[in-house]
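Chemist: Please read through the structure below; I'll follow up with questions.
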Amino acid sequence: MFQIVGPGRPDIASTLQQNRQTVVTAPVGASFYSTDGAGTGAWQWMKTPARWGVTHGDTGWRKLPVPPELDRDKSSFWNGTMVRRIGTIVHFMAQISPIDNVSVFTIWDVLPGFRAQRNGIPGWNWVSHSARLIDANGSSRARVIPVLQDPTIANLYYSQVNDGNKILVNVGTTTGRMAASTQWPTDDPWPEELPGTPIS
């Protein structure tokens, strides 16, 4: 078996050191073992006819920043959100503690490397755009996946609007606390940058 060991990632030549030419000429089926995960948790790769792909990768949990819509006066709405990619699966968690009504806003503009597949996801319930949920552009063509639905506390959605990918929330009108978690498959290449900050 053809194996390469070294720092960086084989799909980005600028991250490689002495192995750059070896990576370029490596045959299909070759393996690349990164000694530093390229700073993104991408530890093991395999060369396919199409591209180098990660066969063992884990970004670890990343805490996302507080959305700008939640200013100091509304900070109690938000306990935090976290995201993690393991292989081809993205994991997402959120905690929401609303105390008053807030309009729809974006929790996270999903970065490349974390976006959900658009087609061929068996068992997923794509639902129609509703009057309660409008995206930032007022589009009525959003395709949304409900992550969490409780109209008195919060509705949380993964929305694919045109070419955009967003996690959206509209908060209800009663005091409450809710935690949500979900996961989705991605066929994005491994991310070149990671969102937020690591959770130790």
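Chemist: Of all residues being open to solvent by 40 Å² or more (accessible area, probe 1.4 Å) and assigned to a loop (DSSP other than H, G, I, E, B) in segment 103-118, which is modelled with the lowest pLDDT? Just the residue, please.
Modeler: The selected residue is ARG118.
Chemist: Residues of segment 1-59 being loosely packed, with under 15 Cβ neighbours inside 10 Å, within 22 Å of the chain's Cα centre (by Cα) and assigned to a loop (DSSP other than H, G, I, E, B), which ones?
Modeler: Passing the criteria: ASP36, ARG51.
Chemist: So which pairs qualify, if the first residue must be in segment 37-51 and of a type in the set (Phe, Trp, Tyr), the second must be open to solvent by 50 Å² or more (accessible area, probe 1.4 Å), the Cβ gap must be under 6 Å, and the two must be at least 6 apart or on different chains?
Modeler: Pairs that qualify, where the first residue is of a type in the set (Phe, Trp, Tyr) and the partner is open to solvent by 50 Å² or more (accessible area, probe 1.4 Å), are TRP43/HIS56.
The values are calculated or read from the model by the stated rules, or taken from the named source; none is laboratory data. Bear in mind that the values here come from a model prediction, so they are computed numbers and not experimental data. As a convention, Cβ positions derive from the backbone with ideal geometry for all residues, glycine included, and neighbour counts pool all protein chains shown. In case anyone asks, the SASA skips ligands and DNA or RNA and just uses the protein heavy atoms, side chains included. Shrake-Rupley method; radii C 1.70, N 1.55, O 1.52, S 1.80 Å.
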